[in-house]
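Take a look at the structure below.
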Amino acid sequence: MNANDEKKTSSFALNSEAVMDAKEIGKAVVHLEHAGATTVEDWDQIRQDAMVAEELERSMSLKTALRVYPKAAFWSFAISLCIVMEGYDIGLLGSIIGLPTYRKKYGRWSESSGSYQLSPTWQTAIGQASTIGCFIGVFACSWAQDRWGYRRTIQVALVALVAFIFIVFFAPSVQVLFVGQLLCGLPWGAFASSAVSYASDITPVPLRGYLTTYVNLCWVIGQFIAAGVLQSTSSRTDQWGYRIPFAIQWMWPVPLFILVTLAPESPWFLVRKGRLEEAKHAVARLSRKGDVTDPAQTVAMMIRTNQHELETQPNTSYLDCFKGTDLRRTEIACLGWAAQILSGSSFANSPVYFFQQAGLSTEDSFKMGLGVTGLAFIGTCGSWITLTYCGRRTIYLSGLVVLTALLLVVGGVSFPAETNSNAAWGQAAAILLWVLVYDFTVGPIAYCVVGEISSTRLRSKTVGLSRNVYNILSVVSGILNTYQMNPDAWNWKGKAGFFWGASAALITVWTYFRLPECKGRSFRELDILFERRIPARKFKETVIDKEAEE
């Protein structure tokens with residue numbers, strides 16, 4: 001919503017008596033027409049209902065939250081499945097270069113390696129084309145979400161994806177393949193930013209961490225499917241060896257379109273638009289009928305938080321993400337997601353090609369690639385256990401420390417691996433352990449951090465910006481990784497572990513000083529913590545009174 005629309009829907013002139021009452025009780029009551037309040041008494045009732053709903057959410061156990069909000073969990077689960085497609089593509093592009101038929105179709109003969117290879121330039125271009133498309137798609141999606149909501153945005157993206165897959169499937173040359181991957185990246189960008197924001201919007205505090213980290217599991221599922229498909233087609237010597245993996249992308253959009261059509265819109269979006277009755281209906285669809293929750297009270301909690309943010313930051317442009325306390329929140333979201341790249345994910349998440357360059361056979365490399373995604377699945381599921389007992393900051397920081405150490409181990413083992421085949425298997429083992437730790441800590445928790453850290457009114461914009469910081473770094477790291485691993489370029493192989501180990505060490509230091517603990521906090525509490533400029537290391541111990549409105 002732009003500033004003009006905000007003024008049209010939010011402007012409200014209290015009568016003189018109401019203004020006097022507001023001054024007497026020390027409250028700033030403004031912009032209340034969209035909140036359904038025409039007097040101070042109305043606003044007081046909204047505040048009381050909001051406090052009841054917030055306390056109810058905070059006091060819920062995980063078991064109770066699942067019983068009360070099973071539909072919220074289901075719809076978050078369903079919308080996040082869109083990420084499976086992006087995960088499949090990332091897994092596909094990261095490993096399909098290991099198929100000899102693919103390299104023969106789009107590459108050229110390399111005398112140094114004695115096989116067909118894509119030139120470093122085209123290998124980089126194809127690998128990063130979808131990321132460039134994602135960059136554009138994320139910005140377009142964030143704007144569309146604020147204007148039309150999540151459902152309609154995702155529906156348009158799914159329809160576009162069906163058309164773009166045709167270009168990839170029938171690509172006669174590496175140039176056309178590049179264009180197809182670039183266009184496919186547009187809807188994938190929409191999915192990447194929508195899933196996290198939607199999960200954060202519709203789930204209560206006790207479920208928020210689990211269902212935002214589930215987005216990472218969808219990535220892993222997509223990569224696991226890609227690894228399985230590539231492993232099963234790796235022995236084919238005809239064109240279907242690489243065409244089948246591309247064709248499988250058509251299996252997702254239709255069932256997902258049906259699910260998205262049936263899903264409720266985000267009640268936070270509806271509250272921001274002043275569509276309060278629709279918001280109550282959406283909340284009712286997310287909770288069990290006749291249970292302890294009252295949709296009107298839950299919407300009142302959203303109104304209170306939205307009202308608070310309206311008074312501190314009435315506009316919702318991208319520029320506003322860099323103003324006031326939102327600048328700090330944008331920094332945390334951007335670097336929180338960037339940590340996935342800076343901790344070495346581009347290096348470790350291209351396992352098949354890495355294993356081949358390390359000296360393993362094509363068959364063994366694809367088997368190891370399948371094992372990598374299996375470990376990633378186990379790691380993400382395991383992260384839900386740690387989320388129950390540990391805070392986001394603790395998991396994130398400890399994970400980065402271990403990942404840094406493992407990357408340095410990979411680099412160190414690379415020297416004996418040049419002459420000892422057993423050392424190559426040692427490198428492979430270190431990469432497998434890295435993947436397990438990554439998907440136990442940084443991988444899933446990044447989604448949780450990004451989904452929680454922004455203000456509700458700037459969420460789609462903040463998530464979009466942070467995702468595009470991730471995309472930019474993904475392109476840069478992908479280019480670096482290509483040259484580091486390609487035998488016709490720098491040919492660093494495992495020595496690249498030293499480079500990414502240093503990068504991981506730097507982001508670990510940032511995490512210690514800048515990443516706050518958000519576990520168990522309502523969005524209103526987070527707003528106040530940032531407005532008070534509480535240091536990151538003191539977030540956990542700071543108490544916010546339920547009456548606080550600053």
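The values are calculated or read from the model by the stated rules, or taken from the named source; none is laboratory data. All figures in this text were calculated on a predicted structure; none of them were measured in a lab. Don't worry about glycine lacking a Cβ; one is built from the backbone with ideal geometry, like all the others, and counts go over all protein chains shown.
A few points about this structure:
- If you filter the range 469-491 down to residues that are of a type in the set (Phe, Trp, Tyr) and at pLDDT below 85, you find that the one that is nearest to Phe523 (Cα to Cα) is Tyr483.
- Members of the range 271-281 that are out of contact with any Leu (no Cβ under 6 Å at 6 or more places or on another chain) and in a helix (DSSP H, G or I): Val271, Arg272, Leu276, Glu277, Lys280, His281
- Summed over the range 119-171, residues that are more than 28 Å from Ser455 (Cα to Cα) and part of a loop (DSSP other than H, G, I, E, B) total 3.
- Condition check for Val449: within 22 Å of Thr508 (Cβ to Cβ), under 22 Å from the mean Cα position of the chain (by Cα) and of a type outside the set (Gly, Ala, Ser): yes
- Any hit, the range 57-75, residues being at pLDDT below 90 and assigned to a loop (DSSP other than H, G, I, E, B): no
- Unmet requirement for Trp268, which otherwise passes all of (1) surrounded by 22 or more Cβ atoms within 10 Å (Cβ to Cβ); (2) touching a Ser or Thr at 6+ places or on another chain (Cβ under 6 Å); (3) not in a helix (DSSP H, G or I): (3)
- Taken over the range 207-247, the criterion of being assigned to a helix (DSSP H, G or I), touching an Asp or Glu at 6+ places or on another chain (Cβ under 9 Å) and either crowded, with 21+ Cβ neighbours inside 10 Å or acidic (Asp, Glu) (or both) is satisfied by Arg208, Gly209, Thr212, Asn216, Leu217, Cys218, Trp219, Val220, Gly222, Ala226.
- Condition check for Phe191: in contact with a Leu (Cβ under 9 Å, 6 or more places away or on another chain), assigned to a helix (DSSP H, G or I), modelled with pLDDT under 95 and crowded, with 23+ Cβ neighbours inside 10 Å: yes
- Flag for Ser466 being under 30 Å from Thr325 (Cβ atoms) and at pLDDT below 95: no
- The single condition from (1) touching a residue at least 12 places away in the same chain (Cβ under 8 Å); (2) in a helix (DSSP H, G or I) that Ala502 fails is (1).
- Whichever residue in the range 303-325 is closer than 28 Å to Asp44 by Cβ and charged (D, E, K, R) and, among such residues, is farthest from the chain's Cα centre (by Cα): Glu311
- Arg521 being surrounded by 15 or more Cβ atoms within 10 Å (Cβ to Cβ) and not in a loop (DSSP other than H, G, I, E, B): no
- Enumeration of residues in the range 49-64 that are touching a residue at least 60 places away in the same chain (Cβ under 8 Å) and either within 22 Å of the chain's Cα centre (by Cα) or under 17 Å from Met301 (Cα atoms) (or both): Asp49, Ala50, Met51, Val52, Ala53, Glu54, Glu55, Leu56, Glu57, Arg58, Met60
- Any hit, the range 467-479, residues being over 30 Å from Phe139 (Cα atoms) and of a type in the set (A, V, I, L, M): no
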